[in-house]
Amino acid sequence: MKPVELLKQRAAFRAAEQVRSGMVVGLGSGSTAKFAVERIGQLLAAGELADIVGIPSSVQTEKLALDVGIPLTTLDHHPRIDITIDGADEVDPNLNLIKGGGGALLREKVLAQTSMRNIIVVDEGKLSPQLGFHWALPVEVVAFARQSEENYLKSLGASVAIRKDRAGSPFVTDQNNLILDANFGPIADPLLLSSRLDARAGIMAHGLFIGLANEVIVAGTGGVRHLKSKNRTNAPLFP
C-alpha cells in the first residue's frame, strides 16, 4: 500500500471507532471513506458492533457495504442519521469543504444535512489555506441545463470543463445528472458563492460543504489529528 493510502486508512479507522452499536450510519464515497466502510464491516463481523444500519451515498458504496456485511436502510425508514463518515477533496481552516471528486456530491450532501454528526476523514494533503486553492469545484447539473449553467459559472469567473468518464463520454452521476468542474481559483467568499449556486434551478448540487463538518480527522506523517468545529452552522433540524 502506498504511503498516502496508509494515511487514509489510518484516518478512516479512527473515524470508524466513533461508531456505536444501534446507530444509523451514513456511508460516504471515495477512496478514504472506503476504508471506513471496510472497517465497520470488520467490526460487525468481529462482534464489536451490532444492530447498526447504513445509508450509502452512492451505488458504489452500496455494493461495498453489502460485500462487507453492513445491513442497509433508506432515509425513508431512518430520516435521522446518527453519524456520517465521509472524505473530502479540500478542507479549509474553518473545516469548510470541497467535495465531489468522485461524483457522489448530491447524495453526500443529503446525508451530511441529515446527520447529527459528520466526521470527515482525509490525509494531510487535503488541507488547504483556502477552498479552491488546489481543487476545482464540482457542480452537478441536469443535462437539460448544461450549457446555461456552464455559461452562468463562467459569468462568475470560473473556467469550466465537463467531467468525462474513462471512455471519454460525459460522466453521468447516480442521479443521471452531469458534472461541471468549475475552477474559480481560491474562493474569497465560499458562502456567497454557495448561495448563488443554490439559487440556480439547473444546479442540483455543488461541492461546497459550508458549516456541515463537525470533525475532521487528518492523518499525516506526524500522526493523526482530530480537528473539531467550534460551531457547526448547518446542523439538521428535526421535530
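The values are calculated or read from the model by the stated rules, or taken from the named source; none is laboratory data. All values reported here derive from a predicted model rather than from experimental measurement. Here the Cβ positions follow ideal geometry from the backbone for every residue, glycine too, while neighbour counts run over all protein chains shown.
For this structure, a couple of remarks:
Table: residues versus (1) surrounded by 21 or more Cβ atoms within 10 Å (Cβ to Cβ); (2) among the small types (Gly, Ala, Ser).
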{"position": "56", "(1), (2)": "yes, no"}
{"position": "66", "(1), (2)": "no, no"}
{"position": "71", "(1), (2)": "no, no"}
{"position": "96", "(1), (2)": "yes, no"}
{"position": "104", "(1), (2)": "yes, yes"}
{"position": "107", "(1), (2)": "yes, no"}
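- Restricting segment 148-201 to residues that are basic (Lys, Arg) and in contact (Cβ under 8 Å) with a residue 40 or more places away in the chain, the residue that is nearest to residue 92 (Cα to Cα) is 196.
- Positions within segment 109-126 being hydroxyl-bearing (Ser, Thr, Tyr) and surrounded by fewer than 24 Cβ atoms within 10 Å (Cβ to Cβ), in sequence order: 114
- Complete set of residues in segment 198-225 that are of a type in the set (A, V, I, L, M) and either surrounded by 22 or more Cβ atoms within 10 Å (Cβ to Cβ) or over 18 Å from the mean Cα position of the chain (by Cα) (or both): 199, 201, 205, 208, 212, 213, 216, 217, 218, 219, 224
- Of the residues making up segment 19-34, one or more are over 14 Å from the mean Cα position of the chain (by Cα), at positive phi and touching a residue at least 12 places away in the same chain (Cβ under 8 Å).
- Just one of the listed residues (181, 189) is exposed (fewer than 13 other Cβ atoms within 10 Å of the Cβ) and at negative phi, namely 189.
- Tally of residues being of a type in the set (S, T, N, Q) and touching a Ser or Thr at 6+ places or on another chain (Cβ under 9 Å) across segment 1-43: 2
- Among the residues of segment 68-91, those identified as over 16 Å from residue 56 (Cβ atoms) and in contact (Cβ under 8 Å) with a residue 60 or more places away in the chain are 80, 88, 89, 91.
- Only one entry in 134, 77 is closer than 23 Å to residue 7 by Cβ and of a type outside the set (A, V, I, L, M, F, W, C), namely 134.
- Any hit, segment 136-156, residues being of a type in the set (Asp, Glu), over 19 Å from the mean Cα position of the chain (by Cα), modelled with pLDDT of 95 or more and within 17 Å of residue 98 (Cβ to Cβ): no
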